[in-house]
Amino acid sequence: MTGPAHVLGLADDALVLAQRLGEWATRAPELEEDIALANIALDLLGQARTLLAHAGELDGTGRDADALAYLRDDREFRNVQLVEIPNGDFAVTMARLLVFSAYQHALYSALRHRPDSTLAGLAGKAVKEVAYHRDHATQWVLRLGDGTAESHERMQAALDRIWPYTDELFDPAPDAPVDPAFLRPEWTSHVDGVLAAATLRRPEPAWRSRGGRDGLHTEHLGHLLAEMQHLHRSHPGARW
Amino acid sequence: MVSAAGLRAAAGAVPDPELPVLTLDDLGIVRDLRITGDGTVEVDLTPTYTGCPATEVIAADVAAAIRSAGASRVSVRTVLAPAWTTEWITAEGRRKLREHGIAPPGPVVALTLSARCPRCGSADTREVSRFGSTPCKALWTCRACLEPFDAVKAL
């Protein structure tokens, strides 16, 4: 049985990372990258809308995507902490996109074959989009990791920064449509392959994040939500 | 009473708001049209990309086209499965894209194939960015005539 709480978690992962990637608009290192990050954010937002609406149906509250996105406080968000930490420099953004898109690729590949037809329909579509995201991040991590001494050092520092947040993606979730542990082999195989080709070291952090799926978040999520939600909350029901 | 076939043709003839040279039938995104017992016209549309911002405009345009074709009650649904693929763009759609300076998508395969320049026809082109002005396009440039161009990504 697919639980509404876990679908909400998958929705919030996509929504929060879409918001983070949107922060790069007009600030990316080059025009093409600006467009690429906005496109990836838009794909994630599209996934989030479908998943949020579905979570609202499953939990019986009838809340639509807007109500769930704009009218919950941080403790009600179920995303992993990986997606909420700040963008950092471009290398941190690419390190996170690599690990997250590799996770989403494994997730959506598996969800395509689940009985929940809304999830399966979305997954069949989203997996094709996420393949582009994963490829984009892969190309950058290869280029920066196996680039100059400076780019290598910063790419390694970026991996060190985000790695403590990766285990949380695979924590057990009793109501998940796919056991998160089942996604780990595909994820590891892709990510390890990229790191090796990019001459980067897989970090071995001394700590790991926990609790995003239970509503425990870093201090960064509240600030992100304040920016994302303030217009909707200040002008309830406003229309263009 | 207008026939289902007539309404289906009206829906399919609606231009895409972001690529107005193409109709919805050229793109292959009108998946079904039914007339229910009470006379409501139900149309199934599939988005090209889940986040495509044109989806809502397309739904409104289709509803308007069905109404002006003579139906009073219209309901437009978005269906995600089966997932849209660029294979559904018709031969006519591909010809129109090329004519308007946009390289049509190649076959859906694991690796990126070179796009042919829609201006000079050269295959000596390179991809500048996987992402372009709309979710469905990539940026390319031609080494032969030096012109940049958009290419619809195989999906």
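Looking at the square roots a ≥ b ≥ c of the eigenvalues of the Cα gyration tensor of the protein assembly as shown, which shape do they give, rounded for a/c under 1.5, prolate if a/b is larger than b/c, or oblate? Because a/c hits 1.5 or more and a/b fails to exceed b/c, the protein assembly as shown counts as oblate.
Translational diffusion of region B:79-153, estimated by Stokes-Einstein from the Kirkwood radius over alpha carbon pairs at 37 °C in a medium of 0.692 mPa s, is 258 µm² per second.
How high is the FRET efficiency between B:I35 and B:A81 when r is their beta carbon distance and R₀ equals 35 Å, given to the nearest 0.05? Mind dumping the intermediate values first?
Numbers: r = 23 Å, r/R0 = 0.66.
The calculated FRET efficiency here is 0.95.
Axis of helix A:31-58 versus longest Cα principal axis of chain A: the two differ by about 40°, to the nearest ten degrees. Computed over neighbours whose Cβ is under 10 Å from that of B:P82, the net charge equals +2, Lys and Arg +1, Asp and Glu -1.
Subtracting the Cα-Cα distance of A:A157 and A:M228 from their residue separation scaled by 0.36 nm leaves 22.7 nm.
The mean count of C-beta atoms from other chains within 10 Å of the C-beta of residues in B:128-135, rounded to a whole number, is 6. Running a GNM on chain A with Cα contacts under 10 Å, which residue among A:A206, A:A158, A:A18 ends up with the highest mean-square fluctuation? So, out of A:A206, A:A158, A:A18, the one fluctuating most is A:A206. The helix-only estimate of mean residue ellipticity at 222 nm for chain A, built from DSSP H runs of length n ≥ 4 each weighted as -39500 (n - 2.57), is -21500 deg cm²/dmol after division by the residue total. Largest GNM mean-square fluctuation across A:H190, A:H223, A:H136, computed for chain A with C-alpha springs under 10 Å, falls on A:H223. Sequence-distant contacts, meaning Cα pairs under 8 Å at least 6 residues apart, place the relative contact order of chain A at 26 percent. What whole-number distance in Å separates the alpha-carbon centres of region A:1-51 and region A:197-227? So the two Cα centres are separated by 16 Å. How far is helix A:180-197 tilted, in degrees, relative to the longest principal axis of the Cα atoms in chain A, given as a value from 0 to 90 rounded to the nearest 10? In chain A, helix A:180-197 runs at an angle near 30 degrees to the longest axis. Given their separation in residues at 0.36 nm each and the Cα-Cα distance between them, B:C145 and B:R73 gain 20.8 nm when the chain is fully extended.
What does the C-alpha gyration tensor say about the overall shape of region A:72-210? Classify as rounded when a/c is under 1.5, otherwise prolate if a/b is larger than b/c, or oblate. Mind showing how you got there, number by number?
Values: a/c = 1.98, a/b = 1.51, b/c = 1.31.
Judged from the Cα gyration tensor, region A:72-210 comes out prolate (a/c at least 1.5, a/b above b/c).
Counting Lys +1, Arg +1, Asp -1, Glu -1, what net charge surrounds A:G222 among other residues with beta carbon under 11 Å of its beta carbon? Net of charged neighbours comes to -4.
Any chance you could run the full-extension gain for B:A13 through B:E99? It's 0.36 nm times the residue separation minus the Cα-Cα distance, nm to one decimal.
Working: separation 86, 0.36 × 86 = 30.96 nm, distance 1.87 nm.
Full-extension gain reported as 29.1 nm.
Shown for B:V57, B:V30, A:V16: other C-beta atoms within 10 Å of each C-beta, ranked fewest to most, produce the order B:V57, B:V30, A:V16. Approximating the spin labels as points 7 Å out from Cα along Cα→Cβ, the B:A91-to-A:A206 distance works out to 6.8 nm. Taking the longest Cα principal axis of chain A as reference, the axis of helix A:117-145 is set at about 20 degrees.
Every read-out reported here was derived from the displayed coordinates using simple, explicitly stated rules and does not represent laboratory data. Because the structure is predicted, anything quoted here is derived from the model rather than measured. With ideal geometry, Cβ positions are generated from the backbone for all residues, glycine too; neighbour counts draw on all protein chains shown.
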